[in-house]
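This report concerns only the one structure given below.
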Amino acid sequence: MTLDNWKKWGWQFSENRFSQGFIFEDFQAALSFINKVGILSERLQHHPRIVNLYNEVVLELWTHETNGITTKDHLWIEEFQKERTL
């Protein structure tokens, strides 16, 4: 993944991690999204921090072992983007 791709896809980079916020129609839609993120994360064995407040979800992604960004994070974002466009 190039620097331009994660920016183009709406991800921010700060404090050694990627983050992105999402707003949904209601809590049920936000929860459905969180479940899809969970399935992807289990498949890839790489899990973001997920913060939810009613219809808002924030994902933060970094590799905990290194406290920074690794290939795992780039791959996770690429797979996330592929699944969002299906």
Given the conditions (1) part of a loop (DSSP other than H, G, I, E, B); (2) over 14 Å from Gln81 (Cα atoms), report the number of the one that Gly10 does not fulfil. (2)
Answer residue from the range 37-60, given it is touching a Ser or Thr at 6+ places or on another chain (Cβ under 7 Å) and surrounded by 18 or more Cβ atoms within 10 Å (Cβ to Cβ) and is farthest from Ser14 (Cα to Cα) among those: Pro48
Residue list for the range 36-46, filter: free of Cβ contacts under 8 Å to residues at least 24 places away in the same chain and in a loop (DSSP other than H, G, I, E, B): Gln45
Could you tell me whether any residue of the range 47-65 is farther than 21 Å from Asn5 by Cα and in contact (Cβ under 8 Å) with a residue 40 or more places away in the chain? no
What do you reckon, is Arg43 among the charged types (D, E, K, R) and farther than 14 Å from Glu79 by Cβ? no
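Among Glu15, Glu42, which is modelled with pLDDT under 95 and not hydroxyl-bearing (Ser, Thr, Tyr)? Steps first, please.
Working: Glu42 fails: modelled with pLDDT under 95.
None of the others qualify; the one that does is Glu15.
Return yes or no: is Asp73 charged (D, E, K, R) and loosely packed, with under 11 Cβ neighbours inside 10 Å? Lay out the reasoning, then the answer.
Numbers: charged (D, E, K, R): yes; loosely packed, with under 11 Cβ neighbours inside 10 Å: no.
Against the criterion (charged (D, E, K, R) and loosely packed, with under 11 Cβ neighbours inside 10 Å), Asp73 does not qualify.
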From Phe33, Phe22, grab the single residue that is part of a helix (DSSP H, G or I), surrounded by 14 or more Cβ atoms within 10 Å (Cβ to Cβ), of a type in the set (A, V, I, L, M, F, W, C) and modelled with pLDDT of 95 or more. Phe33
Test for Glu65: is it on the phi > 0 side of the Ramachandran plot and surrounded by fewer than 11 Cβ atoms within 10 Å (Cβ to Cβ): no
So, in the range 49-72, exactly how many residues are under 13 Å from Phe22 (Cβ atoms) and part of a loop (DSSP other than H, G, I, E, B)? 2
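The values are calculated or read from the model by the stated rules, or taken from the named source; none is laboratory data. Nothing here was measured: the structure is a model prediction, and the numbers come from that model. Note: ideal-geometry Cβ built from the backbone for every residue, glycine included; neighbour counts use all protein chains shown.
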